[in-house]
Structures are given as C-alpha cells and as structure tokens.
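The values are calculated or read from the model by the stated rules, or taken from the named source; none is laboratory data. If you're wondering where the values come from, they're calculated on a predicted model, not measured in any experiment. Cβ: placed from backbone, ideal geometry, glycine included. Neighbour counts: every protein chain shown.
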Number of protein chains: 2
Amino acid sequence: MAFSSSYFSFIFLILLFIISFVVGEIKPIYLPGTYQSSLEKQHVKSKIPFKVHYFPQILDHFTFLPKSSKVFKQKYLINDNYWKQGGPIFVYTGNEGNIDWFAANTGFMLDIAPKFHALLVFIEHRFYGDSMPFGKKSYKSPKTLGYLNSQQALADYAVLIRSLKQNLSSESSPVVVFGGSYGGMLASWFRLKYPHIAIGAVASSAPILQFDKITPWSSFYDAVSQDFKEVSLNCYRVIKGSWTELDALSKHEEGLTEVSKLFRTCKGLHSVYSARDWLWEAFVYTAMVNYPTKANFMMPLPAYPVQEMCKIIDGLPKGASKISRAFAAASLYYNYTKREKCFNLEGGDDAHGLHGWDWQACTEMVMPMTCSNESMFPPSSYSYKEFKEDCKKKYGVEPRPHWITTEFGGYRIEQVLKRFGSNMIFSNGMQDPWSRGGVLKNISASIVALVTQKGAHHVDFRSETKNDPGWLIMQRKQEVAIIQKWLEEYYRDLKQN
Amino acid sequence: MAFSSSYFSFIFLILLFIISFVVGEIKPIYLPGTYQSSLEKQHVKSKIPFKVHYFPQILDHFTFLPKSSKVFKQKYLINDNYWKQGGPIFVYTGNEGNIDWFAANTGFMLDIAPKFHALLVFIEHRFYGDSMPFGKKSYKSPKTLGYLNSQQALADYAVLIRSLKQNLSSESSPVVVFGGSYGGMLASWFRLKYPHIAIGAVASSAPILQFDKITPWSSFYDAVSQDFKEVSLNCYRVIKGSWTELDALSKHEEGLTEVSKLFRTCKGLHSVYSARDWLWEAFVYTAMVNYPTKANFMMPLPAYPVQEMCKIIDGLPKGASKISRAFAAASLYYNYTKREKCFNLEGGDDAHGLHGWDWQACTEMVMPMTCSNESMFPPSSYSYKEFKEDCKKKYGVEPRPHWITTEFGGYRIEQVLKRFGSNMIFSNGMQDPWSRGGVLKNISASIVALVTQKGAHHVDFRSETKNDPGWLIMQRKQEVAIIQKWLEEYYRDLKQN
C-alpha cells in the first residue's frame, strides 16, 4: 500500500483524510473536517489581551517585478502592558493559522512579560487568518498562492519588526522570537537568517529535521504508537487490530450502514474510509496534545488524554469488538464535553480559508511519512511520484522536495551549528510525535535542547496552571533563565559599544 | 549641488558619467563608456584553465508562481586538476560580470588549489555574462530584470553547489566560498545565510557596510583623495583645483572646442561634463587598482599607479594649468600602453549587455555617496528623492533603500557577529576606497579582518608574482593558514560524527 502522507498540518483539525481506494492503494488528501468549523468559532470568540494592528507589507521581497511591490495588510497583535521603552520585544512568529489562536495558546509569553518588561508582538503569517494578500481570492490559484512560503514569511517578520522598532523609537531593544510547531521552525530559522534582528529564538516542538531523509520516515507514526503502547500494550494492540475489523466490515453488503451505525454518524457515510480517517485523526492529535493538565487546544480534553483513551479501550466489557473500542476511545477526543449527539465524519467546506498548509506541503514543506509494521496504523510506504502527481493535479505546481534543506539546512545540523550561530532553544516533549523531527540534543553552549519525556506539542508555551507538574515548571524556569542570560549579554555588549 | 551618486559599479569601466547640467545640479547617470568595449574583448580572449559548464537553474527560488519554475542556463567554470575526491571545493561567488574575467583575475585560488587538493568552481551571477535567464531580452524591462538581485543569486549558488556535490558523489566535501568586491559581499552573505553549505568565506574588498547610514557617505571619495594626498599634497591640490578650471573653460564661447583639443578627443565633445567624468573615472579607478605591481585589471597600469599619476602632475613644467596636469595624469590610466592616438570621451552602447549593476543599484544596492569639502572632487550632497526619481524614470521601479540592511544586517555588525557565525575573512586594502565600507576590525576569534595599508581592490586575490611585496605575501599566507584551520576543524568534526 503506497501512502503518500507527507502533508500533515501540524495543529489543524482542518484535515480529514479523503481516501480514494484504488486497487489496494490508499491516497489521503487533506480536506477540511467538520470539527474545524466549530473549533474555529471558539477561537474567534476567545478573548486575548492584545490590540490588533495592520502593517502594509510588501508582497514579494525577493524579486523587483512590477507586481512585487504590491502591498497587503498583515495583521499583528500588540500587548504593551508590561513594556518599558528600551526593554525587550518578544515576537511570536505566527504559523499556519489565525494569529489570535496562537496568541490565546501561547500564554507563556504573557506569563513572563512582566518579569522582563517585555513588549509582546504576535505576527500573523501571510495567507492565514486576516492576512490575505489577495483578499478572498488569495487561495484561488498558483498565481496568488505562489507568494505563500516560509522565506517570504520570514522576510515579512524582518521588515515588520524593523519598522515597528523605528516607530517605537526603540531601535536598540533586543528582540527574542518565539514559535511553536511550524511557528517554531520559523522562529529558529529567523534567528539563523536574521541574527541582526533577533538575538535569540525559543523554538518549541519545531520539527526542522522532518525533511528529506534526515529523520526516519516512520518515526512520526511510531511515536504516536509509542504513546499508546507506553500506557497499555492491550490498548495499542486493540487499535492496531481495529483497522482490519473496519476493513472486514466494509466488505459486507451492508458495511457502510453498519459502520455509520457503529460510529453514530449524523448522516449515512459515503465511504468507510471516512471512519478510518476519523479514528486516525483522533489518535494522532490526542498523542500530540497529550498534555499533563486539562486543556483545550485542538479540542477540550482531560489531562493525559492518551491514558484516558486507553482506559476506555481497556475498560469496555469482554466481547466488545476492537473497532467499537477504537470508536469509544476516539469519542473522547471528539466529544469530551458530551455535547455531541451524533458525529459528522464527512463534509466540511473552505469557508474559513485556512487551507494554506496544503499548498505549503505541496510546494516547499515536503515531509515524507510512512507507517512501519510496528506502528498501530496500517503499514504504508511513501511514493514521491504519487505525491508529486497529486500536487500537480491539485495546484498545477511541482513540489521542490529538497528546497527546505537547501535553504535552511538540516543534514548534520550538529556539525554545522556547533561552530555557527548561538542563542537558540529547541524544546520538545517526547509524547508529541513531531518531537522525532526536532533537535533533541544540545548542539553548543548556547544552542540547547530542552527535552521532557512527558511533554506534548509545545506544552511549555501554554499558560501556567496550578496543576502543572514539576518537570513543566522546571522546563519553563530553564527557558526564562536562558532568555535572561541572552538579554543580559545583549545589554552588556550594547554598553561596551 | 545635489549629487545622487549611489550606483557606482565596483569594477566595471562600463560607466561613464553622462551628466545633465540642470540649474546648477549635476546628475550622474552611468552609461557604458567606450573603453569598456575594448576591455571586454580582452577578457573574452583571456585564456583560463577552466572547463565551461551550464547548470539548469530555477528562475525564482522564493515564489511558487507558475513562472517561477522556468529554468535558465547558468554558466560555471570548473578546474579539477588538483582535486582529490572528498577534498575541499573552493567556490567563487561570481559578481556583476562575465565569470571568465573574475576567474582570470582571481589567480589566488589557482595558486593555492594544489596545496589543498581543491576543486575550483567559478559560478557566474545570474543576468551577467552568458547567464541570461531571458536571453537577449533579459534587460528588456522590470518584468525580466525583476529576477536580478543578490538573494536570488545566493540561492542559485546554494542549489548549484548542492547539486554539484551530489553529482560528484562528494557530499561531505567542505565548501569554502571566495569573492571579491560585490562577489565578496555575496561570499560573506553566503556564509551567513547558508552555513550548512559553506564552512567559511573569504571576502576580499567587500563593502557590506556601504549601505544606509552605516558608513559616512563621504568616505568613499575621501579615501580616493587620501590616496593622492598621501603621495603628494601638491598632486591632490592640483586635482582639486582642476574642476574649477574645467568649469571656467566651459563658460568660454569656444569652451567645448578648447576642452576637446586639450583632451585630445577623437571627435568634438558634446558636453564639457564628458571630460569631467573621464577624469573622475580615471582617478577613482586608479585609486581602486593602486596595486603594488604592474597589473591589468581595469586597464594595463604600472605598479602603484597613483604615485605615477602624481609624478606626472608634479613633474609638468611650471606654468602648466591644473586641468592640463589632470588630463596628463588621467592619460596614464587610459593610455599606459601609449597605443591611443586620441580619446573617445563620449559614446558607448549596450552591445555587451553588462548593465545589470545599474538595475541592482536602482533596486537593492542603494549606496549613498557624497563628496565632502575635504575631498579632491567637487563637493556634492546626496538626494534620495532625486535618486529615486531617476530610477523610476529609468526602470519604472522604486528602490528599496533599507532592504539590504534588513536582509543582511550591517548596523552594529560587531555586536551581532561577535556572538553569531564564524569562519569569515574580511580582507581590505586601505588604498581601495571601497575599504571604508568594509569590515576593518576583527569581530571574533574566527571572524577576522585582514587589513593592509598599501593594498588595493582585492589585490590578495590576484595571482602571485615575483615582485609581490612582503606584506602581500604575508597576507596571503595568513589567509591560507586560516582556511587550513577551517578545513582541519571540519574534517575532525566529520570523523567524530
């Protein structure tokens, strides 16, 4: 079975695999899921202590074509409650979505701002949220989407930050960039490419090594599986076995009806693979957000939700099928609040215009992934050829699979950065499957890896809570101490010049 | 007098100032000079021990527009006479011209290749020489020229080097980049932006600080003046006074005829300012190439040509006018071989298609320059507004005067690079006016400045000769020792991984 799953959006629920089953081949293509819609509504409503601004940003930094100088409105958020003129500026390098959501889920920056008298700035990534260079037509075709990529985004941040400092008459303020997930990749790349603008970067859960052949392709799904296995071997085995049961069901004449009933779908299913994707998504995202406290990032979930899922799987009465156990576990993810009477496994539309990641995955962000025999998912290989053809069909462009490692590096990163660069924190939680593509070892005295065994997807960036475990408190303390060192060094150097 | 002289091509003779005299304002606009044509012919003929190759290069690395993936043929030269598989690769990051010329004038790399068993690669800069993305139409309009800039050039080098190493099955070969003048800027920026591709950079006479307000705007012409003043105060004073005499001449009814006669022009002059530019150019370029040995970079010239010029000025009989002395001195530059019977001060065409620098100067390479009262040139100020209007008129685009410092930095470079980056040599000769915009002090243990008081424009990159002075031999030795250290460190690290 060829499985061209390289474009896995980090944090979005936008994607439901639509799987076409062609002579034994499974091709997932991400399309928006139903659940994203309600999630999105939640985000818009969330109240965050920031003022909204818009910056006239240049469309294309790297050519001087007549079209390049077109200007679009780039959204950014400011909190100056704690800032003192000349004090540091903490910038979040926004990732693939509405910047409000990242601001709402990066409470760490708010928590530490008073200590540093820091200005907080959250910059939205071009082509996401309100920062649409071509308004509603931004996603229309490669002629507009062509301007969506990470290098342009980094240049946006550079131009905006420089202008902001000038407007604030605070040009000697040190800037520290923060980012989680793809935003963390951007933060670390920003420090590497723009060291004259950011004195340091805190990159949380940033899988900058998930490209080309740097990280084993099976590591992501192996890591998800590992999370479940660690909690309960039976739980892992049940999930691993559930796919065959689902397959078997689909071969009955009444298969679709049976699956629809079992999955309590609001409408009869069109494809049994919708059920498959629905489960898949629940397990993957629950592993990612396997936080030590109750949280609501992807979905409202209890503390250590993987454990809770396995409790459900292991706790059902003898005789319950594997697939029914898998369904019950997934329901925790989709319905922890118990508000859903039935589930919409199919559908979704582009109303929220958050599909930029698909484009990025089809052009620059090519991350090959496979499922090994040891994973709890059906084994699958990766075919670049199929991936490329899918992308060509979808967007009319060919991916550049080696571009990211050419532009940003990644191979032998220890050797390269051991003697180059400084002031970077790579934090990762090993519960998070993305950690496997991250930097997990210290590279030099000032390029350090903070790894927690029980941490999940950028958990360190979440607001502190009274239930935070000791290791998380400690991790954040380490980050604060390192940032403080960068700032002290900067101000000392500044005085000497 | 407003003097918007920011686009001074580093090494080309392509430019004769065509000055329009409007109500006391002097606006120089660079157009090709007559002398470039014959110079260009010389270069094409020069024999260099390299094989010519062409690489299918992508047009636009930083967008994924349908047009971006257009491929053009990028020229590069290879010499593998001394290379051993796995040995280092020395890459010259080509600047604004035919790559053959740079190869012919960077004998240093050939001289040191045997010692290091190095492969030599000279890569031509896009939109120069034979590397024309749109063939003869490349310079047609901003729609084609829009792809000509330094960031695209750097990405070209990254893509080409990576592909070359793969083709050579020598992916662990360390790459050191070399460049002189604008090529040196590119080499240093390449090390900063692509540390995973180049382990070090030797940047000779690279004025990376000649932007924005980093370096005083008058420093370039002050440095030219300093060269002449150091040799002879009288010489400096004569040149300084010659402009007024030329002005006075131009006010006679028969002024043009007199000037034509005095300057031994082949045809009668249309403007007295052609004579002014002709002198100006001779003094500036002679200062740049004030080499300690006989050389032929811009023009065939004797050792220490500034000294020779001043000998001419100081040696003419009493009673000779300042302007006639200035003419005689300039004749050394234009006619050291004594072959010219008369001089063509006006004219020139675009036959050689080397005007890319004008475009770069009008878009990204905005280097403001003025002439102070202390310089030997007529005092002049800088008007960005005029510069911008000239560029708009000429190309229909607006310059981005702060873009280079946003993209590559420059302000407080010591503070930034003291704690970031490594393995860079900035070599400068203080005779070269471009040195003033260069890095003249060591920044860290491995980002070093090699400064020679008697050196000129990337003199260290020239082939060694038996007449080389001790300081030049020493400078090259230092460079070799530093490169050797980088390589030893690299191979040691490689073994450990």
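Quick notes on this one:
- Check on A:THR337, β-branched (Val, Ile, Thr), outside any strand (DSSP E or B) and modelled with pLDDT under 95: yes
- Lone unmet requirement of (1) modelled with pLDDT of 95 or more; (2) buried (at least 20 other Cβ atoms within 10 Å of the Cβ); (3) touching a Leu at 6+ places or on another chain (Cβ under 7 Å) for B:ALA295: (1)
- Any hit, the range A:326-338, residues being in contact (Cβ under 8 Å) with a residue 12 or more places away in the chain, of a type in the set (A, V, I, L, M) and over 29 Å from A:SER435 (Cα atoms): no
- Number of the exception - A:TRP83 against (1) touching a strand residue (DSSP E or B) at 6+ places or on another chain (Cβ under 8 Å); (2) more than 14 Å from chain B (Cβ to nearest Cβ); (3) part of a loop (DSSP other than H, G, I, E, B); (4) within 30 Å of A:LYS392 (Cβ to Cβ): (4)
- Leading residue by the ranking (nearest to the chain's Cα centre (by Cα)) among those in the range A:141-181 that are outside any strand (DSSP E or B) and away from chain B (no Cβ under 13 Å): A:SER181
- Test: B:LEU345 is facing chain A (nearest Cβ under 8 Å) and in contact with a strand residue (DSSP E or B) (Cβ under 7 Å, 6 or more places away or on another chain): no
The rows are residues; the columns are (1) among the hydroxyl-bearing types (Ser, Thr, Tyr); (2) buried (at least 23 other Cβ atoms within 10 Å of the Cβ).
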residue: A:PRO379; (1), (2): no, no
residue: A:TYR384; (1), (2): yes, no
residue: A:GLY410; (1), (2): no, no
residue: A:GLY429; (1), (2): no, yes
residue: A:SER435; (1), (2): yes, yes
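- Just one of the listed residues (B:PHE327, B:PHE297) is within 30 Å of B:LEU472 (Cβ to Cβ) and of a type in the set (Phe, Trp, Tyr), namely B:PHE297.
- When B:SER181, B:SER219 are checked against the criterion of being closer than 26 Å to B:THR370 by Cβ and crowded, with 24+ Cβ neighbours inside 10 Å, B:SER181 stands alone in meeting it.
- Within the range A:209-267, the set of residues being closer than 26 Å to A:LEU440 by Cβ and not in a helix (DSSP H, G or I) comprises A:LEU209, A:GLN210, A:PHE211, A:ASP212, A:LYS213, A:ILE214, A:THR215, A:PRO216, A:TRP217, A:SER218, A:SER232.
- B:SER372 meets all of the listed conditions (1) of a type outside the set (A, V, I, L, M, F, W, C); (2) under 20 Å from the mean Cα position of the chain (by Cα); (3) under 21 Å from B:GLU245 (Cβ atoms) but one, namely (2).
- Scanning the range A:312-334 for residues that are small (Gly, Ala, Ser) and farther than 11 Å from A:PHE283 by Cα gives A:GLY315, A:GLY319, A:ALA320, A:SER321, A:SER324, A:ALA328.
- Test: residue in the range B:115-134 that is surrounded by fewer than 24 Cβ atoms within 10 Å (Cβ to Cβ) and part of a helix (DSSP H, G or I): yes
- The set of residues in the range A:434-460 being closer than 23 Å to A:GLY107 by Cβ and of a type outside the set (Gly, Ala, Ser) consists of A:TRP434, A:VAL448, A:LEU450, A:VAL451, A:THR452, A:GLN453, A:LYS454, A:HIS457, A:HIS458, A:VAL459, A:ASP460.
- Of the residues making up the range B:49-75, those that are more than 19 Å from A:THR406 (Cα to Cα) and surrounded by fewer than 19 Cβ atoms within 10 Å (Cβ to Cβ) number 8.
- Members of the range A:432-446 found to be touching a residue at least 24 places away in the same chain (Cβ under 8 Å) and more than 11 Å from chain B (Cβ to nearest Cβ), listed by number: A:ASP432, A:PRO433, A:TRP434, A:SER435, A:ARG436, A:GLY437, A:GLY438, A:VAL439, A:LYS441, A:ILE443
- Failed condition for A:GLY429, given (1) touching a helix residue (DSSP H, G or I) at 6+ places or on another chain (Cβ under 6 Å); (2) of a type in the set (Gly, Ala, Ser); (3) within 14 Å of another protein chain (Cβ to nearest Cβ): (3)
Yes/no per residue for (1) within 14 Å of another protein chain (Cβ to nearest Cβ); (2) farther than 30 Å from A:LYS143 by Cβ; (3) in a loop (DSSP other than H, G, I, E, B):
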{"position": "A:MET367", "(1), (2), (3)": "no, no, yes"}
{"position": "A:PRO378", "(1), (2), (3)": "no, yes, yes"}
{"position": "A:GLU389", "(1), (2), (3)": "no, no, no"}
{"position": "A:GLU398", "(1), (2), (3)": "yes, no, yes"}
{"position": "A:GLU407", "(1), (2), (3)": "yes, no, no"}
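- Some residue of the range A:410-418 being modelled with pLDDT under 95, over 21 Å from the mean Cα position of the chain (by Cα), within 12 Å of chain B (Cβ to nearest Cβ) and assigned to a loop (DSSP other than H, G, I, E, B): no
- For first residues located in the range B:192-220 and more than 14 Å from chain A (Cβ to nearest Cβ), partners that are of a type in the set (Lys, Arg) and lie 6+ apart or on another chain with Cβ distances below 7 Å form the pairs B:THR215/B:ARG436; B:SER219/B:ARG436; B:PHE220/B:ARG436.
Yes or no, residue by residue, for (1) charged (D, E, K, R); (2) within 25 Å of the chain's Cα centre (by Cα); (3) at pLDDT 95 or above:
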residue: B:HIS196; (1), (2), (3): no, no, yes
residue: B:ILE199; (1), (2), (3): no, yes, yes
residue: B:ALA203; (1), (2), (3): no, yes, yes
residue: B:LEU209; (1), (2), (3): no, yes, yes
residue: B:ILE214; (1), (2), (3): no, yes, yes
residue: B:ASP227; (1), (2), (3): yes, yes, yes
residue: B:VAL231; (1), (2), (3): no, yes, yes
residue: B:ILE239; (1), (2), (3): no, yes, yes
residue: B:GLY255; (1), (2), (3): no, no, no
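- Members of the range A:194-223 that are out of contact with any helix residue (DSSP H, G or I) (no Cβ under 6 Å at 6 or more places or on another chain) and of a type in the set (D, E, K, R): A:LYS213, A:ASP222
- Residue in the range B:461-480 that is crowded, with 21+ Cβ neighbours inside 10 Å, in the same structural domain as B:MET185 (by the TED database), at pLDDT 95 or above and among the small types (Gly, Ala, Ser) present: no
- Residues of the range B:45-78 classified as under 28 Å from A:PHE64 (Cα atoms), of a type in the set (D, E, K, R) and touching a residue at least 12 places away in the same chain (Cβ under 8 Å), total: 4
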